[in-house]
Amino acid sequence: MPGSFQSNGMWGVPRVPRSIPVVRNFDDTPTGAYQYYYSIALQAVDGSGTPLPGAIVSLFRTVDNSFAGLAVTDANGNFRLAASQFIQHYLVAYLTGSPDLAGTSVNTLVGT
């Protein structure tokens, strides 16, 4: 039966069909674990307001700290990440350099 498997009877496990998760695609696009139809679009800047190009920005769900998405800022420090409008999120940004820069947002961001 496609999309399921049956266990063998070893170790007392009955032969009961179990569902198998379906993998939708294998591409190199950094996407989140969740599919959202709204987004969070911001600009990463340092303490003096200078844009931070090439920073890695990770999106997490506040409720369970699960990973929800990844982006790299463009030449002007801008990025966009898909996010739920019903679940609060927070961002963690990191830029390798001399010195390295890092920061975290508030944990009440929602997609719009």
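The values are calculated or read from the model by the stated rules, or taken from the named source; none is laboratory data. Since the structure is predicted, the reported quantities are computational estimates derived from the model, not experimental observations. Neighbour counts are summed over all protein chains in view; Cβ atoms, including those assigned to glycine, are modelled from backbone coordinates with ideal geometry. These area figures cover heavy atoms from the full protein model, side chains too; ligands, DNA and RNA do not enter into them. Shrake-Rupley method; radii C 1.70, N 1.55, O 1.52, S 1.80 Å.
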In the stretch 71-100, anything surrounded by fewer than 21 Cβ atoms within 10 Å (Cβ to Cβ), of a type outside the set (Ser, Thr, Tyr) and not in a loop (DSSP other than H, G, I, E, B) is listed as Val72, Asn78, Arg80, Ala82, Val92, Leu95
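Take Gly103 and tell me if it is part of a loop (DSSP other than H, G, I, E, B), open to solvent by less than 60 Å² (accessible area, probe 1.4 Å) and of a type outside the set (Val, Ile, Thr).
Taking the combined requirement at face value, the residue does not satisfy it.
Being of a type in the set (A, V, I, L, M), open to solvent by less than 30 Å² (accessible area, probe 1.4 Å) and either without any contact (Cβ under 8 Å) to a residue 24 or more places away in the chain or within 23 Å of Ser98 (Cβ to Cβ) (or both) is the filter here; which residues of the stretch 31-70 pass it?
Within the stretch 31-70, Ala44, Leu52, Ala55, Val57 meet the criteria.
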